[in-house]
Amino acid sequence: MAHGTGLCRVDWFNLSTGRLVVGVTGASGAIYAQRFLRVAVRHFREVYLTMSEQAIQVAETELGARIGRTPLDTGEWLGETPPGLRLLDSKDFFTPPASGSFRHDGMVIVPCSMGSAGRIAHGVSDDLLTRAADVCLKEGRPLIVVPREMPMSTIMLRNLTTLAEAGVRVIPACPAWYSRPRTLEELADTVVARILQSLGIEHGLVPEWGADDPGDGTGSVAGSTMVQEP
Ligand SMILES: Cc1cc2nc3c(=O)[nH]c(=O)nc-3n(C[C@H](O)[C@H](O)[C@H](O)COP(=O)(O)O)c2cc1C
């Protein structure tokens with residue numbers, strides 16, 4: 001199955017290398033990256049992670065966990081350093097995701113700042129994260145961005161439209177309330193679940209709407225059990 005507008009076609013379900021690239025930028029919402037990565041490392045053999053300098057500062061501010069810079073050290077932030085997690089310096093272009101010859105199943109940028117979205121939309125690959133995204137676009141690989149900003153200017157909206165037209169899946173960090181999240185983690189997981197769904201990853205983070213519908217037409221999921229990630 002292909003996804004796109006016709007301008008660029010991306011084969012979203014031809015995923016087979018067991019490798020995923022993840023970029024984290026300095027938009028608010030480090031919890032989304034934290035929750036997503038904890039699941040992603042269990043599903044992908046290798047996860048290549050790069051964080052911008054702003055991403056590190058914002059994550060430390062929002063979650064209070066220290067993140068080492070050189071080398072990148074996410075142990076405290078993620079609670080562990082899984083063997084498949086490859087931590088990459090955001091300025092190091094001599095790393096696998098900077099090259100199209102390195103095959104992987106796609107890239108997720110979570111959260112994605114308006115600055116990074118704008119640079120990717122205009123082909124400005126001035127760090128590893130934007131270069132890796134550029135590579136996804138030129139190689140026709142799945143690219144997911146999870147933008148977060150409020151309000152958005154016309155320029156920001158145009159940049160996101162440009163990305164969508166290029167075949168990028170835009171999953172805004174807009175948490176949903178209909179599953180009745182009880183904690184910040186459950187609320188964040190309503191976004192994380194959509195990223196995982198786009199990657200074709202089975203998860204139990206949020207119940208599917210109507211999956212346990214009693215058939216009375218209410219579509220109610222009240223009483224559904226949320227599977228809590230660590
Ligand atoms: C606490 C904090 C929160 C921020 N939240 C956002 C945000 O939600 N969206 C956004 O686009 N930028 C946000 N910014 C600004 C970005 O960090 C800034 O534009 C930065 O240059 C992004 O760089 P990067 O894309 O290389 O990470 C925030 C900055 C700070 C300090």
* Residue ID - farthest from the ligand (Cβ to nearest atom), chosen from residues in region 119-157 that are over 19 Å from residue 103 (Cβ atoms) and among the β-branched types (Val, Ile, Thr) -> 154
* To do: Pick out the one residue from 83, 172, 111, 71 that is within 23 Å of residue 31 (Cβ to Cβ), assigned to a loop (DSSP other than H, G, I, E, B) and either touching a helix residue (DSSP H, G or I) at 6+ places or on another chain (Cβ under 9 Å) or away from the ligand (no atom under 16 Å from the Cβ) (or both).
  => 172
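For (1) surrounded by 14 or more Cβ atoms within 10 Å (Cβ to Cβ); (2) out of contact with any Cys (no Cβ under 9 Å at 6 or more places or on another chain); (3) assigned to a loop (DSSP other than H, G, I, E, B), each residue gets a yes or a no:
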residue: 102; (1), (2), (3): yes, yes, yes
residue: 117; (1), (2), (3): yes, yes, no
residue: 156; (1), (2), (3): yes, yes, no
residue: 162; (1), (2), (3): yes, yes, no
residue: 178; (1), (2), (3): no, yes, yes
residue: 185; (1), (2), (3): yes, yes, no
residue: 188; (1), (2), (3): yes, yes, no
* Out of the residues in region 1-37 that are basic (Lys, Arg) and at pLDDT 95 or above, which is surrounded by the most Cβ atoms within 10 Å (Cβ to Cβ)? -> 35
* Asked: What tally of residues in region 75-127 results from selecting those that are of a type in the set (D, E, K, R) and touching a residue at least 24 places away in the same chain (Cβ under 8 Å)?
  -> 7
* To do: Specify the residue that is surrounded by the most Cβ atoms within 10 Å (Cβ to Cβ); the eligible residues are those in region 82-100 that are touching a strand residue (DSSP E or B) at 6+ places or on another chain (Cβ under 8 Å) and among the hydroxyl-bearing types (Ser, Thr, Tyr).
  => 90
* Can you tell me how many residues in region 28-66 are over 18 Å from residue 109 (Cα atoms) and not in a helix (DSSP H, G or I)? -> 4
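Identify, from the list 144, 155, the residue that is under 25 Å from residue 47 (Cα atoms) and either polar (S, T, N, Q) or at pLDDT 95 or above (or both). Spell out how you get there, then give the answer.
On the way: 155 fails: under 25 Å from residue 47 (Cα atoms).
From the options 144, 155, the qualifying one is 144.
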* Selection count, region 54-88, where residues are of a type outside the set (Phe, Trp, Tyr), out of contact with any Phe, Trp or Tyr (no Cβ under 9 Å at 6 or more places or on another chain) and at pLDDT below 95 -> 16
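The values are calculated or read from the model by the stated rules, or taken from the named source; none is laboratory data. What you see is a predicted model, and the numbers here were worked out from it, not measured in a lab. Don't worry about glycine lacking a Cβ; one is built from the backbone with ideal geometry, like all the others, and counts go over all protein chains shown.
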